[in-house]
């Protein structure tokens, strides 16, 4: 389920198969992006005009933007690794959505979610991911055994662990690599530790001892992109 | 107002002046951290036992953890710059709290918030900042003219702008520097552009065109810390 002008526009522009789109023209007309979408929808057979009340009843957001769509789960072919992001039982939908948004921005090849991670297609994850679902290869509900094939393709599997002594920027991210981000409060699980070839941490100053999981993952992913853009420092 | 075991523990350990603490012993006893706090509170004259119902009425959270405290605004002396973080009209309390948490983690000297930024002491900011309020020098409701004195002390004032051509990692963050993070949807304002000496961006892959403001700010701050730890790459 896709709520809002930006997500529905993203879906249409990515060629996603929307089975039903409900839109309230008077609401879409209030913004420039909404007006563009309105023009697209007027020639779309799956789009039906509706009242703002109907849109509000169909959506979860407090202030719906006048459009909601139902789409098939997008199927994006994985890129050749690259960087593989493994999300291991992260619970907060905002964190997972933010990680997907960052994964897209750094050109991650595929995102693999271990069983116990929040549903990637829940509306809060979809909203926070800002359209990454249409452009990044995603798999979820995976057990660790089934990840082994993916991990065969990378040179190193790094796992973020607050107690690790190796700084994240000491890793050579120009090689095909996987990055495991663990649960917000419990950190890495035993299986993640088994599959990881190296543990990395984000060095911090003062008495700070942790970061938001989405921020921590994004910092490491963007360091990987920095190295891959520059050659390694 | 400080809600929850971690924040109240942080406050007491930082020597913050709590004028009133309400706690429900039966709730605190359910976790190890809660038990430690309970021991501290039993000898604290400003701490009063209360029922879970009273705690619930005094807090904003859906599932309060059995403790809430009122504290004076902490006064933390700014460090010598360093890195100065300027938050310019960022609206989302979660984003601002996350920026404060990252600012603490990289050892930012002081955080200056321009008028129009969400209130730094609103409960959602305080919760997301995970105790940074007690350990980082903060000023808010500032007009740009009053920032000029701070900016005199740094060699460069960088401002994050999606259209800038200079990558954030091309800046030399070993020098005393300021970083401006702008509003989530409008980006940098005119005054921020006037005071900035260089605009920087975070290069991205594919069709991604933006990042969450807290994530973007954190990525730049941790690059600054990386350079300052290593010498510049």
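Before moving on, here are some points about what is shown:
- Listed residues A:63, A:150, A:133, most fluctuating in chain A (Gaussian network, C-alpha, under 10 Å): A:63
- Between residue A:17 and residue B:14, the simple label model (points 7 Å from Cα in the Cβ direction) yields a spacing of 5.3 nm.
- Distance between segment A:203-228 and segment B:195-233 - C-alpha centres, whole angstrom: 11
- Take each residue of peptide A:95-107, count the partner chain Cβ atoms within 10 Å of its Cβ, and average: the result is 4.
- Expressed to the nearest 5 percent, the antiparallel share of DSSP beta bridges inside segment B:83-230 is 5 percent.
- For segment A:137-204: rounded, prolate or oblate by the Cα gyration tensor [a/c cutoff 1.5]: oblate
- Across A:49, A:204, A:166, mean-square fluctuation computed from a Gaussian network of chain A (C-alpha pairs under 10 Å connected) peaks at A:204.
- Label-point gap, in nm, between residue A:205 and residue B:140 - each point 7 angstrom along Cα→Cβ: 2.2
- Segment A:83-230 - percent relative contact order, Cα under 8 Å, separation 6 or more: 28
- For segment A:149-177 versus segment B:118-152, the inter-centroid distance based on Cα atoms is 35 Å.
- Note on segment B:2-71: antiparallel DSSP beta bridges, both residues inside, total approximately 70 percent of the bridges counted.
- Shortest-first distances to equivalent copies, position residue B:61, nm, label 7 Å out along Cβ: 2.9
- Placing a label point 7 Å from the Cα of residue B:175 along the Cα-to-Cβ line, the residues of segment B:145-168 whose backbone N sits under 19 Å from it are B:148-161, B:165-168.
- Nearest 10 degrees, 0 to 90: helix A:213-230 Cα axis against chain A principal axis: 80
- Globularity index of segment A:117-233 is 1.10 (Cα radius of gyration / 2.2 N^0.38 Å, N = number of residues).
- In terms of overall dimensions, the C-alpha atoms belonging to chain B reach 57, 38, 35 Å along their principal axes, ordered largest to smallest.
- Whole-angstrom gap from segment A:38-73 to segment B:56-117, using each part's C-alpha centre: 37
- Of all DSSP beta bridges in the protein assembly as shown, antiparallel share, percent nearest 5: 25
- Comment: the Cα-to-Cβ extended label point of residue A:44, at 7 Å, lies 5.3 nm from its counterparts in the other copies, nearest first.
- Three-way shape label, the protein assembly as shown, alpha-carbon gyration tensor, a/c 1.5: rounded
- Shielding score for A:197-203, defined as the mean number of other chain Cβ atoms within 10 Å: 2
- Its Cα gyration tensor gives segment B:2-71 an equivalent ellipsoid, and the semi-axes of that ellipsoid, as √(5λ) in whole Å with the largest first, are 16, 13, 11.
- Under the simplified labelling scheme, the residue B:190-residue A:39 pair shows an inter-label distance of 2.9 nm, with each label point 7 Å from Cα along Cα→Cβ.
- In segment B:54-164, the alpha-carbon atoms span a convex hull of 124 Å³ per residue.
Where a number appears in this text, it was derived from the coordinates with a stated rule and is not lab data. Worth saying up front: this structure is predicted, and the values here are computed from it rather than measured. A quick note on method: Cβ atoms are made from the backbone with ideal geometry, for glycine too, and the neighbour counts reach across all protein chains shown.
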